[in-house]
Structure formats: C-alpha cells, structure tokens
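**Student:** Following this message is one structure expressed as structure tokens.
The values are calculated or read from the model by the stated rules, or taken from the named source; none is laboratory data. Source: prediction; values computed, not measured. Cβ placement follows ideal geometry from the backbone for every residue including glycine, while neighbour counts extend to all protein chains displayed.
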Amino acid sequence: MTAPAGGPVLECSGIRKSFGDHAAVKGIGFSIARGETYGLLGPNGAGKTTTISIIAGLLEADAGEVTLGGEPMNPDATHTKRLVGLVPQDLAIYPDLGAAENLDFFGRLHGMKGADLRRRVAEVLEIIELTDRADDRTQEYSGGMKRRLNIGVGLLHRPALLILDEPTVGVDPQSRNAILDSVEQLGEEGMAVLYTTHYMEEAERLCDRIGIVDQGELIAEGSQADLVRIVGQRDRLTLTATGSLAATAIALGGLAPVDDAAVTDDGIALIVDRAHDHLPEILAVAGRTGSLVKSVDVDSADLESVFLKLTGRALRE
C-alpha cells in the first residue's frame, strides 16, 4: 500500500514521551520524502526505539503529531499502519517454515491473496536473494539469511515507509553487504526508508539525511556534508613534498579555506575546509612557491568525528 503522491511520506513534529519521571523523547520532529533514506543515529538510551515505536503506531505519544501519507498515526490508526513496514532488530520469522511459507503467511495477515500474493512473494524472494532457498526451513538459515528474510517480511505489502532497526546486527560481511545493496535499491525505487544503525559506515553509504538523537532530543540534522559544516569540522591534508617547504606553508596558510599549514619532516600538513574542492588550487600554489609534491593524503571529516563532537561519546557507548 503506497502513500498518495506529493508531500513527505512521513512527517512528525514535537513528539514527546515519558515513562514515569524519565523523559525518553523530548520534542523530536523530522520528515522523510519518497525515495529518501533517513538515518536516525544515537547512543543507547537516546530515544531512538521509543521514537520508532511511536512512528510505527505501536506506542502512544504524550504529545506531538505523526502523519504518514497525510494520515494521522497512532495505535488505533489501523488504516495508516498499513503504510508502514517495520523490520525489528529481533527476528520476527517462523523457524519451522521456509522463506516462501513465511512470506505467504505474513502476506495473508496483510489481506493479500491469490495471484497477487504469489507474484509478490516471488518478487521479494528475488530482492532478498533467497529464491534458491525458498523452501528450506529458516532454522537452517545463516544469521544473514534470516536477517534478509526479516526485511522481506517488512517489504511484502509494498509499504510507503520501511523502518529498519539495526538490520545488520550480528551478520557476516557478505550478508551485510547484500542487505545494504537491497536497501540502496529500495531508495532508488522510490520507497521512503527510516534506518537506525550502530555502524557509521552504513549511515554514510545509505542515508541521504541523518538525524542525530541524544538524550531524547534531535540535536542535529542534515546530509553528512551539512553535519560536518554545522560542527565546523575540517579535513586534514598531508602533502609529501620537497623544496621550499617553509615558503609554501606560508603561502598556503594565506588561502581562505586553509585554517593551518605547518612544515613536517617530509612535507606540509594542512587543516582545510573541503579539501577535495580546493586541492587543485593548493597544488598550484605549492608549485609556484618552489615545492615538488610527491603524494597527497586527505583525511576527510567523517560522521564518527561529527557524532563524537556533538554528543561527547561514541555511537556504540
């Protein structure tokens, strides 16, 4: 079931939820467009699971609004819930059934039947790369295969929004890559995806935008490049070079994007805003000032460093 065309698939604003004296979510709000993958990142206890549960209609918010396809979402909104495919971190499949039987069962729960259900089961098996193991009992599957089937169950009814909660936890590298490939494909095909993960490289690879949650609040949001700019992170650029290094360092230090330039034992170390964008200019200045650059190494500001600066802790803490 798909959301109507036009406007965000998901909109939420001012979400609040407390458990006794503990405020788990404190006014979180964001939106996700069709074809967009949105990453929700935060340390354990930040409020991600509570937020996801409210968005999926599993938990009543104390305040705030959630709409999917323009329709309000709450625990009683049966019609709106059909727009969501929820893939929980814990496996939700039957071990005594094969992949095809699992998908058939969950499809019937969604009201699917007949030829449409059979076609959709075959399509999903293809997406999650389990066609050749469709009839094998899932208790015989590897951890990665079970995870892929878990995603297939969430995809089966063609949701407008797919929520993936830590979908690659505990899987081998090959299965993990297959899962990431599948998620990338879903975004390209127009599905809205809400993705939580403890792996920064997954967020960097998959997510068009990222919301960082800490202590129940959304403290920053944007693309990876946006977040790097927000916290003022800079790239580290190392030039291995010979020649007039002191003169080159002085000249490079005068360029607007360069925050610092210092001579090292084998070249020049710089702190640069968007080093890749300004590399041609930097190399040209080095040549004009009498230095021969032998190699260049760029250590770009990444999501890990942004997250650490914003929250004061690593994501896995």
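**Student:** I'd like the full set of residues that are touching a helix residue (DSSP H, G or I) at 6+ places or on another chain (Cβ under 6 Å) and not in a helix (DSSP H, G or I), limited to region 93-122.
**Tutor:** Ile93, Tyr94, Pro95
**Student:** So which residues in region 70-106 are β-branched (Val, Ile, Thr), more than 15 Å from Asp136 (Cα to Cα) and buried (at least 16 other Cβ atoms within 10 Å of the Cβ), if there are any at all?
**Tutor:** Thr80, Val84, Val87
**Student:** Now a separate question. Which of the residues that make up region 283-306 are surrounded by 15 or more Cβ atoms within 10 Å (Cβ to Cβ) and either closer than 30 Å to Gly39 by Cα or under 33 Å from the mean Cα position of the chain (by Cα) (or both)?
**Tutor:** Passing the criteria: Val296, Ser300, Ala301, Asp302, Leu303, Ser305, Val306.
**Student:** Mind counting the residues in region 124-140 that are under 26 Å from the mean Cα position of the chain (by Cα) and surrounded by 14 or more Cβ atoms within 10 Å (Cβ to Cβ)? Show your work before the answer.
**Tutor:** Residues of region 124-140 that are under 26 Å from the mean Cα position of the chain (by Cα), as a first pass: 124-130.
If we keep only those that are surrounded by 14 or more Cβ atoms within 10 Å (Cβ to Cβ) too, we end up with 124-125, 127-130.
Residues in region 124-140 being under 26 Å from the mean Cα position of the chain (by Cα) and surrounded by 14 or more Cβ atoms within 10 Å (Cβ to Cβ): 6 in total.
**Student:** Kindly provide the set of residues from region 57-82 that are under 14 Å from Ile15 (Cα atoms) and free of Cβ contacts under 8 Å to residues at least 12 places away in the same chain, ordered by number.
**Tutor:** Pro72
**Student:** Within region 264-282, which residues are over 36 Å from the mean Cα position of the chain (by Cα) and either loosely packed, with under 15 Cβ neighbours inside 10 Å or at pLDDT below 90 (or both)? Working first, answer last.
**Tutor:** Going through region 264-282, the residues over 36 Å from the mean Cα position of the chain (by Cα) turn out to be 264-267.
Answer for region 264-282, where residues must be over 36 Å from the mean Cα position of the chain (by Cα) and either loosely packed, with under 15 Cβ neighbours inside 10 Å or at pLDDT below 90 (or both): Thr264, Asp265, Asp266.
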